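The values are calculated or read from the model by the stated rules, or taken from the named source; none is laboratory data. This structure is a prediction, so every number in the text was calculated from the model and none was measured. Every residue, glycine as well, gets a Cβ built from its backbone with ideal geometry; the counts of neighbours run over all protein chains shown. The accessibility values were calculated without ligands, DNA or RNA, using every heavy atom of the protein model including side chains. Shrake-Rupley method; radii C 1.70, N 1.55, O 1.52, S 1.80 Å.
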Amino acid sequence: MIYLLLIVMIFSNAGETIGYKNTKCQSQLDVLYGVTLWSFILSIPTLAIFLLIKSDGLFENLSWVNFAFIVIATILTISSIALWASASKHLPMSIAEGVSEIYIAFLTFFSWLLFGGKLNAWHIVLISIVVIACLVLAFIQNKGTKCAKSYNYKLGFIFLAVWVVLSIVKGLVPGALANNGMNGIAYNFILNAVMFFAVFIFIAFRRKAIFKVTKLVLRDPWLFVIGLCRIASQISLIYLALKMNLGIVEAVSVFGIVIIMLYERLIMKEKISIASYIILLIIAFATAVLGLI
């Protein structure tokens, strides 16, 4: 079951990044609204299916403390969605994805410090390899890109730096909820419901044409893909938090960068150097071993 959830994390993280890059919405606020709307819509059938299978115990551990963690996760998630959407517009996908992985090292340490769990020398070595390889890959891709003038790298890296800090804090929330016995399906539904209504109120307060925006985002298939990927990763993550260090889970999901690079090469026809292929093989090997040990 753990291996299946790790595979879900890998593909959902890759799909989310690809979705942000391909969305047709130009406004970052529209992207934020679309992602939260689709995440909320998709969380409803997920909740319904769970209730059909098991009707009891869904909200039994929803204490005020857990609800406070969900509110914190909501604020951090909304902020990270907006920051990532902004960063991906100003940086090539591979570069943004590569540099952002530095947060894994900090998340691994703080997850072990706060929640304990298995963390040995092999984990530390492999995570270090993954993070360094991602940084090297980002440098190689940056050096080899032919369209550097179309990106605002300085602004993109500023967005990315703030995203990293927020992601470290946000990444610890599932561990706290898992330790408090929070059900993953319930967490997913409440988180997405709170996020959607918060963004909805914000947009309505700005006097935006809410129905026009809703119609626009519902027609964008890539926002649906992002919402679907977020649902899958949120549910998988809180269950994996019971079994593994959260930093290790995130490190394994870095395998998704291999999928992203293959997508860029095969679909977007972007050039990938021999050195990049070598780094991708190192990432694939290190993440695969991490998932197995």
Task: Relative contact order [Cα under 8 Å, 6+ residues apart], the chain, whole percent - done: 41
- [ ] For Leu114 and Ile41, compute 0.36 nm times the residue count separating them, minus their Cα-Cα distance, and round to one decimal in nm.
- [x] 23.0 nm
- [ ] Quantify, in whole percent, the carbon and sulfur part of the accessible surface of segment 1-156 (1.4 Å probe; protein heavy atoms only).
- [x] 72
Task: Distance (nanometres) between label positions extended 7 Å along Cα→Cβ at Ser27 and Leu292 - done: 5.0
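In the chain, which longest range has no trypsin sites (Lys or Arg not before Pro) that are both DSSP loop (not H, G, I, E or B) and surrounded by at most 16 other Cβ atoms within 10 Å?
No qualifying site falls inside 55-117, the longest such stretch.
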TODO: First select every other residue whose beta carbon is under 14 angstrom from the beta carbon of Tyr103; then total the charges, Lys and Arg +1, Asp and Glu -1.
DONE: -2
Open item on the list: Using +1 at the C-beta of Lys and Arg and -1 at the C-beta of Asp and Glu, which of Val225, Phe211, Leu237 has the Cα lying farthest in the positive direction of the dipole of segment 208-250?
Closed with: Phe211
Task: Positive-end residue, the chain charge dipole about Cα centroid, Cβ charges, pick of Val130, Leu91, Val164 - done: Leu91
Open item on the list: At 0.36 nm per residue, and after removing the present C-alpha to C-alpha distance, how many nm does the segment from Ile201 to Leu242 gain when stretched out fully?
Closed with: 11.3 nm
Task: q = 0.15, 0.25 Å⁻¹, segment 113-206: log10 I(q)/I(0) [Debye, one scatterer per Cα] - done: -0.99, -1.27
- [ ] Go ahead and collect, in residue order, the members of segment 73-87 whose backbone nitrogen is under 12 Å from a label point 7 Å along the Cα-Cβ direction of Val162.
- [x] 79-87
Open item on the list: If you count only protein heavy atoms with a 1.4 Å probe, what accessible area per residue comes out for the chain, rounded to a whole Å²?
Closed with: 48
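For a 26 Å ceiling on Cα separation, which of these pairs sit above it: Lys21/Lys215; Lys170/Lys269; Lys170/Lys243; Lys21/Lys154; Lys21/Lys212?
Numbers: Lys21/Lys215 20 Å; Lys170/Lys269 34 Å; Lys170/Lys243 18 Å; Lys21/Lys154 18 Å; Lys21/Lys212 22 Å.
Going by Cα-Cα distance, Lys170/Lys269 fall outside the 26 Å limit.
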Task: Point-to-point label distance, Phe211-Phe67, nm (Cα→Cβ direction, 7 Å offset) - done: 3.3
